[in-house]
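The structure appears below as C-alpha cells.
Where a number appears in this text, it was derived from the coordinates with a stated rule and is not lab data. Here the structure is a predicted model, which is why all the values come from computation and not from measurement. FYI the Cβ positions are ideal-geometry reconstructions off the backbone, even for glycines, and counts take in every protein chain you see.
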Amino acid sequence: MGVSILIAGAGVTGCAVARVLSRYQASVTVVDMAADLAEGASKANSGIVHAGFDAHPGTAKAEMNVLGARMYPALCAELGVPYRQAGALVLGFDEEDRKTLEGLLEQGKTNGVPGLEILEKDQVLAMEPNTNPEVVCALWAPTSGLTSPYEMTFALADHAALNGVGFAFDEEVLSVEPKAEGGFRVTTSKGERECDIFINCAGVFADKLHNGLCADKKSITARRGQYYLFDRTGTIPFNHTMFQCPTKMGKGVLVTPTVHGNLLLGPSAEDIPDGLDTSTTAEGLAFVLDKSRRTWPKAGMWGTITNFSGIRAHENGGDFVIGAVPGLKGAYEALGIESPGLSAAPAIGEKLGSQVAQEAGLEIKKEIVPPMKRPKPFHDMSNEERAEAVAKDPDYGKIVCRCEVVTEAEIREAIRRPVGARSVDAVKRRTRAGMGRCQGGFCSPRVMEILSEEMGVPMIDITKNGGGSYLLTGRIDDTLGKE
Ligand SMILES: Cc1cc2nc3c(=O)[nH]c(=O)nc-3n(C[C@H](O)[C@H](O)[C@H](O)COP(=O)(O)OP(=O)(O)OC[C@H]3O[C@@H](n4cnc5c(N)ncnc54)[C@H](O)[C@@H]3O)c2cc1C
C-alpha cells in the first residue's frame, strides 16, 4: 500500500471518490470534522436525482448530472439504497414561464436527457389533480428520481471501508502544506498527518482549503435552504416531484414525495455568513409555505413533523470545479458541489477517483470485496418475511421505534456496520428510528441503551450527534426511594 491518500470531507462526494479509490492499491483515509458521515449538505437536501435539464450545456454540472443520474438505478440496486424513478413536472403559470420551459427542454435535449416534453394544462391536471388549476403547461421529465441522500453516503462509505478505506471523525483539516520532497503535511485539529495525495471534498469550506494551496482563489457562498417535512402516514397529494420555474438562486421551491413516502416542501435560498448555521427561521419557513401554495394551493402545516435546513456550497463561478488543483502535483478537489451534487456524486467519484488513480499510477487490486447485503427494512416486510426474520433473530420481534416500525435487530445492525452509528442521530439516519411523528420522543432512551451496550460505554457518554451533545447530564441519586 505504497501511496497514501487523504480525503477531506465525508459527504456524498468524498465517499464516492473514496469508494472508487478503494479499488486500487493505496492507503486511503477520509477525515471529517463532524462526528459522522453526511453531516453537511449530504444529509439535508431534497433527495432528488435530477434528470439533468437545469445545467447549461458544456458545464461540468451538466455533464456530471446526466452521467450520475444514469448511474443511479444500478448503483442503488447494487448498494441497497432506496431509489424510485418518480418523474418530475416543472410548472409554468404564464406565457413567460412557457418560454422558460421551452428553454429548459432544449437545454435538456442538448445535455442528453431522454423523454422530455411539454405537457398542457389538462395533461398536468390529469397526472396531478392537486396542482394549482392556474397552471398553463409543464415540462415533463420522466427520468427524474428520488433517493435517500444520507443512505447513499453511508452505503458508499461502508463499501469503501470494506475495501480498506479508513474514516476519522471529529477531525478538522486546518491547513495543507506541500512538502519539498513531494506529498503534503496536513495539520488537523488532532495533530499532524502526512499523505502523498490530498483530495479536497470539504463542501462549503472547500474554498478555504483550496485557497491555502493555490494562487488562483475560489470563493464559496453558503446558501441555506429550509424545508417542511410531513409525516409519511398521511396521504401524499403528489406522486411526482413538482418544481416551479428556476430562478437565478436555484431550482426554486418544490413539492415532492420523498423516497420513503413523506412529503417535502422547500427549499428556500438565502445567502448566509456562517456555513454551519443550519437553523430554520420563521421568515424562511413562511417563504417556503407561501411559494409551495403556488404549486399546491392547499399547502398548510397540518401533518408537519419537522423542519430542517441544508447549506449549498455555491462557488461564485457557478460551476462544479473537479480535478487537479492548478499548479500543484498530487492535490485534487471537488469544489462548489451544490445542486445537482447528489445526482452527480457517482459520476464525480468515477471521474476524480480515476484521474487520481491514473496520474498516481495506482494498480488495481486483485480482489474487490462486494458491497454488504442490506437487510430489507422490517417496515417494508410482508407478514411472512417478518415472521421469518423474527425466527432467525428474536431482536426483530422487539419494536423500538413505533412510528417508523424499526426493530432492535436493525439498530444493532446499524451500529455494527463498517462505518457504524455512534450516536442517536447516526442510528436515526441509518434506520429511521426517531424519524417519525414523535421525532424520537419515545424510542431515544432505548436507542441510547442499545448504543451503550454495543459500544461498551456508559449511557451517560452517549450523544445526540457527537461532540458535546450529551443527552444525560448525570445520575439521579440512586438511593432515592430505597429508604
Ligand atoms: C437545500 C439543498 C437542496 C439540495 N437538493 C439537491 C437535490 O435534490 N439533488 C441533488 O442532486 N443535489 C441537491 N443538493 C446538493 C447536494 O446536497 C450537494 O451537492 C452534496 O450533498 C454535496 O456533497 P459534498 O460531499 O460535496 O458536501 P457535504 O455533504 O457538505 O460534505 C462536505 C464535508 O466536508 C466536511 N468538512 C468541511 N470542511 C472540513 C475540514 N476543514 N476538515 C474536515 N472536514 C471538513 C464537512 O463536515 C462535510 O461533512 C442540495 C443541497 C442543498 C443544501
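Scanning the chain for DSSP H helices at least 30 Å long along the axis (C-alpha atoms) with a Kyte-Doolittle mean no lower than -1.0 picks out nothing. The distance between label points at residue 194 and residue 123 comes to 6.3 nm (points 7 Å beyond Cα on the Cα→Cβ vector). By the Cα gyration tensor, the range 281-393 has an equivalent ellipsoid whose semi-axes, rounded to whole angstrom, run 38, 33, 10 from largest to smallest.
With the convex hull drawn over the C-alpha atoms of the chain, the volume per residue is 166 Å³.
Per-residue Cβ neighbour counts within 10 Å put 256, 187 in the sequence 187, 256, beginning with the fewest.
Once the Cβ-Cβ distance of residue 211 and residue 286 is raised to the sixth power relative to R0 = 25 Å, the FRET efficiency obtained is 0.10. Each part reduced to its alpha carbon centroid, the range 198-242 and the range 261-295 end up 13 Å apart. Charges were assigned to the Cβ only: +1 to each Lys and Arg, -1 to each Asp and Glu. The resulting dipole of the range 330-483 about its Cα centre is roughly 220 debye.
Estimated from helical segments only, the mean residue ellipticity of the chain at 222 nm is -9500 deg cm²/dmol, where each DSSP H run of four or more residues counts as -39500 (n - 2.57).
Using a 7 Å offset from Cα along Cα-Cβ at residue 277, what residues in the range 247-271 end up with backbone N under 14 Å from the label point? Within reach of a label on residue 277: 269-271. If both residues of a DSSP beta bridge must be in the chain, then about 75% of such bridges are antiparallel. For the range 1-64, what class follows from the C-alpha gyration tensor (a ≥ b ≥ c being the square roots of its eigenvalues): rounded when a/c is under 1.5, otherwise prolate if a/b is larger than b/c, else oblate? Oblate is the answer for the range 1-64, as a/c is 1.5 or above yet b/c matches or exceeds a/b.
Each Lys and Arg Cβ is given +1 and each Asp and Glu Cβ -1; about its Cα centre, the chain then shows a dipole of about 440 debye.
Using a/c under 1.5 as the rounded threshold, could you call the range 77-139 rounded, prolate or oblate? The axes a ≥ b ≥ c are square roots of the C-alpha gyration tensor eigenvalues, and prolate needs a/b larger than b/c, oblate otherwise. Oblate, because a/c is 1.5 or more while a/b does not exceed b/c. Neighbours of residue 122 by Cβ distance under 14 Å: Lys/Arg scored +1, Asp/Glu scored -1, total -2. Extension gain for the segment residue 328 to residue 469, taken as residue separation times 0.36 nm less the Cα-Cα distance, is 46.8 nm to one decimal. What does a probe at residue 442 reach in the range 383-406, counting residues whose amide N is under 14 Å from the point 7 Å along Cα→Cβ? Only 398-406 pass the distance filter. Ordering 36, 319, 380 by the number of other Cβ atoms within 10 Å of each residue's own Cβ, fewest first, gives 380, 319, 36.
Between residue 449 and residue 185, the C-beta separation translates, for a Förster distance of 60 Å, into a calculated FRET efficiency of about 0.90. Note on residue 85 and residue 402: the model spin-label points, each 7 Å out from Cα along the C-beta direction, lie 4.1 nm apart. Using a cutoff of 8 angstrom between alpha carbon atoms and counting only pairs six or more residues apart, the relative contact order for the chain works out to 19 percent.
Placing unit charges on each Cβ (+1 for Lys and Arg, -1 for Asp and Glu) gives the chain a dipole about its Cα centre, and among 347, 161, 50 the Cα reaching farthest toward its positive end belongs to 161. Considering only alpha-carbon pairs that sit under 8 angstrom and 6 or more positions apart, the relative contact order computed for the range 358-441 is 20 percent. Computing FRET efficiency as 1/(1 + (r/R0)^6) for residue 168 and residue 373, where r is the C-beta to C-beta distance and R0 is 30 Å, gives about 0.65.
Modelled label positions at residue 460 and residue 390, each set 7 Å beyond Cα in the direction of Cβ, lie 3.8 nm from each other. Among 296, 302, a tally of other beta-carbon atoms within 10 Å of each Cβ gives an order, fewest to most, of 302, 296.
Size of the range 124-266: Rg and Dmax of its alpha carbons, in Å, are 21.8, 67.
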